[in-house]
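Here's the structure, in structure tokens; my notes come after.
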Amino acid sequence: MHRELLPLLLHSFDMAGTAVFATSGALAAARARQTPLTFAFFAVVTGVGGSTLSELLMGAPVAWVHHPTNIVVCLSVAALTWITPPAWWPNRAIDWFDAVGLAAYGAVGAANALTHNVPPLSAAMMGVFTACFGGVFRDVLAGEPSIILRPELYVTAAALAAGVYVVLAALGMKPAGSAAVAFAMGFGLRALAIVKQLSLPSCHGPEGSCPTQSDLGGSIGPPDMIVPGAHEES
């Protein structure tokens, strides 16, 4: 049943996820005032980074190596972003493009794993990896704190999209319906997190129960928090 998803639905979701993630990568390059080649590099790494990691972990062929459609999409998005005036993009455009990609790739990653006979729990994890790691790679390249370390829900939304797809597929729902519901729920949660600053509880237990900065040898806390002396040698 899952293999019938590959010809159209899986490909469509994959292209959509690639395009919006690539856009977020190109926008990160724009924010850093980079060159056209850097725009292209950011777009490609962000667009296919998560799916590449998942395919390598599953031992599956890396799709874009054999069928470069995803690379063409990434390069096209990079070119369009380069010629688009920065004023046309909203302040949180990266977050919103990332949210669409997160939900789409959560479902795509889980579906792709199921087509490779990966067990359901592992398939859900593959969906999370596919959804999250493109954004992680983008932030590392841009020298910014990783998006997964922000207080607002991110990995949780990816896990919801991937988990819902796996559960609905196991219950016998057709792939199109499973993917649509998974995408809607994953995107809806991430959108609420962006608008309402939703987050899970952080480590605020009794004194001594959570690691401190000195315990970890560096700074901890929200990514926009700068801890004086965190990178200084003692």
*Using only C-alpha atoms and all pairs of different ones, pull out the Kirkwood radius for region 75-135 in Å with one decimal.*
13.0 Å
_Ordering of 37-47, 188-198 by burial proxy (mean other Cβ atoms within 10 Å per residue, highest first)_ = 37-47, 188-198
*So, by mean Cβ neighbours within 10 angstrom, what's the order for 61-68, 105-112 with the highest one leading?*
105-112, 61-68
*asked:* Quick check on the exposure proxy: order Glu144, Glu152, Glu55 from fewest to most C-beta atoms within 10 angstrom.
replied: Glu144, Glu152, Glu55
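Rule-based calculations on the coordinates, nothing more; no lab input. In this text, all values refer to a predicted model and were calculated from it rather than measured experimentally. Note: ideal-geometry Cβ built from the backbone for every residue, glycine included; neighbour counts use all protein chains shown.
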